[in-house]
Amino acid sequence: MSSQPQPRYLIFNKPYGVLSQFTDEGTGHPTLKNYISVPGVYAAGRLDRDSEGLLLLTNDGGLIKRLTATGNHTTKNYWIQVEGEYSAGKLTQLQNGLVLKEYQALPCRAVCISEPDLMPRSKPVAPHGPTFWLSIELREGKKRQIRHMTAAVGWFTLRLVRWAIGGLTLADLEPGAWRELSREQIGRIWTDLPESGWVHTDE
C-alpha cells in the first residue's frame, strides 16, 4: 500500500515573461520548469506572463482547491505602476468597484504608494507620460482584472507585481528564487484578513 506524498509548499517570485506553468505548449516562453525542479507541485492560481511576483506551488490538492475556489476571500496584494495623471476621484472609483466589460469588479482596497524597492525588470518599462504606483488588495482574481480596472479609469498598467497572498509576502525573495514553507507558515494565508466591510462577502 503506497503512502501519500509529503505535502510540500513553495513560494516563488515569478519574473516577467515567465509562464505560470511547467510546459510552454509550443510558445517557446520560459516556464516554471526553468526555475523549479521539485516534482509533483503545481501553481495554486496564476499570474499573466507579463506580470511578476508571488506564486504559491504545492502538491496539496486540497489547498489548491481552496485557493482557486470562487468565494474563498483570500486577500491578494499587488503593486502596480500606472501611466497617467493621478486623480483622487479615479482612485475612489477603483475602491468602490467598477462595472467592466464582462462583470462587476468588487470593492477593493486601493492606495497610492511611493515607488517600491524592486529589482529592475528584464524588459524595462518605457512610459510615454507621468507614472505613479498603486497598492491594490483584491479578494477575487479574474483574468487580467487589475489591468482592466486601471484601464477603466484611464490609467495604463505598465508593471504589475503580486506582493502578497494572505500573510505570505515576497520579502527577501529575489526574482527567479523560491523557498519552501512549512504547513504552519502556509497558515498565514488565512490569518491576514482585512477589516470587515470593505468588500462584499459573495463573489
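In the set (1) assigned to a loop (DSSP other than H, G, I, E, B); (2) among the charged types (D, E, K, R); (3) crowded, with 17+ Cβ neighbours inside 10 Å, the condition left unmet by Arg147 is number (1). Under the condition of being touching a Cys at 6+ places or on another chain (Cβ under 8 Å) and closer than 18 Å to Leu160 by Cα, the residues counted in the range 74-100 number 4. For the range 85-100, the count of residues that are among the aliphatic types (A, V, I, L, M), in a loop (DSSP other than H, G, I, E, B), without any contact (Cβ under 8 Å) to a residue 60 or more places away in the chain and within 15 Å of Ile136 (Cβ to Cβ) is nonzero. For the range 1-35, taking the residues that are of a type outside the set (S, T, N, Q) and touching a Phe, Trp or Tyr at 6+ places or on another chain (Cβ under 6 Å), the one that is surrounded by the fewest Cβ atoms within 10 Å (Cβ to Cβ) is identified as Lys33.
When the test is whether a residue is of a type outside the set (D, E, K, R) and at pLDDT 95 or above, Ser87 passes it. Scan the range 150-178 for residues that are farther than 18 Å from Phe12 by Cα and not in a strand (DSSP E or B) and jot them down. Matches in the range 150-178: Thr150, Ala151, Ala152, Val153, Gly154, Trp155. Would you say Gly129 is in contact with a helix residue (DSSP H, G or I) (Cβ under 8 Å, 6 or more places away or on another chain), not in a strand (DSSP E or B) and not β-branched (Val, Ile, Thr)? In short, no.
The values are calculated or read from the model by the stated rules, or taken from the named source; none is laboratory data. Keep in mind the model is a prediction, meaning the values are calculated, not measured. Please note: Cβ atoms are built from the backbone with ideal geometry, for glycine as well, and neighbour counts cover all protein chains shown.
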